[in-house]
Amino acid sequence: MHPPVYQDNPKYAPQGYPMNISTRQPYPPYISSATATATRWSTGLCHCCDDPANCLVTCMCPCVTFGQIAEVVNKGSISCAASGAVYGLLLGFTGLSCLYSCFYRSRLRGQYDLEEAPCVDCLVHFFCEPCALCQEYKELRNRGFDMGIGWHANMDRQSRGITVAPPVVDGGMSR
């Protein structure tokens with residue numbers, strides 16, 4: 001191979017400051033600690049029909065399912081009815097209730113160290129709102145919450161030692 005032309009000819013010699021171009025990265029690549037330790041959701045995003053009753057309620061009136069989720073995520077500071085009403089108003093007037101509900105998905109993930117999957121929370125809610133609400137509802141139910149009685153009744157049950165057992169999955173674990 002021949003050397004570059006500018007080495008022997010001063011007319012083509014590089015001008016300006018010499019550049020030290022390194023092929024080595026100056027910093028290690030960013031790896032989020034949240035994704036490294038995050039746990040998987042107990043159900044998949046598209047497993048809405050595993051609970052037909054919740055699927056039907058969520059598809060017909062998502063404000064009910066959202067209100068139940070929000071009350072538990074907020075630890076009872078905002079009632080199911082208030083959260084559901086805000087969701088319903090946003091849905092009715094703007095059609096962008098997904099922007100409100102994706103905030104709660106992020107809070108739920110933070111509380112239970114769940115992975116951000118299959119994509120960013122707001123995209124999940126924008127494109128798959130009913131599926132996302134069903135997944136969040138089932139996640140809380142699988143963690144022992146009775147979603148129909150609210151936060152305070154669940155805490156009362158836990159303080160008395162009464163818990164709801166997670167549902168048994170047929171077939172066991174598989175890889």
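The portion of the accessible surface of the stretch 84-143 made up by carbon and sulfur, rounded to a whole percent, is 68 (1.4 Å probe; DNA, RNA and ligands excluded).
Does the stretch 91-146 come out rounded, prolate or oblate by the C-alpha gyration tensor, with a ≥ b ≥ c the root eigenvalues, rounded set by a/c under 1.5 and, if not, prolate when a/b is larger than b/c and oblate if not?
Numbers: a/c = 2.06, a/b = 1.53, b/c = 1.34.
Taking the square roots of the gyration eigenvalues as a ≥ b ≥ c, the stretch 91-146 is prolate.
A 1.4 Å probe run over the stretch 83-142, with the rest of the protein chains in place, finds 45 Å² accessible per residue. Please say if the stretch 35-146 is rounded, prolate or oblate, where rounded means a/c under 1.5 for a ≥ b ≥ c the square roots of the C-alpha gyration tensor eigenvalues, and otherwise the choice is prolate for a/b larger than b/c and oblate otherwise? Judged from the Cα gyration tensor, the stretch 35-146 comes out rounded (a/c under 1.5).
At an R0 of 30 angstrom, the distance between the Cβ atoms of residue 155 and residue 38 translates into a FRET efficiency of 0.70.
Label the stretch 33-85 by shape, choosing from rounded, prolate and oblate, from the square roots a ≥ b ≥ c of the eigenvalues of the Cα gyration tensor; if a/c is under 1.5 it is rounded, and otherwise prolate applies when a/b is larger than b/c, oblate when it is not. Don't skip to the end; give the middle numbers.
Numbers: a/c = 3.22, a/b = 1.21, b/c = 2.67.
Oblate is the answer for the stretch 33-85, as a/c is 1.5 or above yet b/c matches or exceeds a/b.
Here's how it looks for residue 114: its modeled amide H is under 5 Å from those of 39, which are all 5 or more places away or on a different chain.
Just subtract the alpha-carbon distance of residue 112 and residue 81 from 0.36 nm times their residue separation and send over the number in nm, one decimal. It would help to have the intermediate numbers written out before the result.
Values: separation 31, 0.36 × 31 = 11.16 nm, distance 2.38 nm.
Between residue 112 and residue 81, full extension yields an extra 8.8 nm.
The values are calculated or read from the model by the stated rules, or taken from the named source; none is laboratory data. Here the structure is a predicted model, which is why all the values come from computation and not from measurement. Cβ: placed from backbone, ideal geometry, glycine included. Neighbour counts: every protein chain shown. These accessible areas exclude ligands, DNA and RNA; they are computed on the full protein's heavy atoms, side chains included. Shrake-Rupley method; radii C 1.70, N 1.55, O 1.52, S 1.80 Å.
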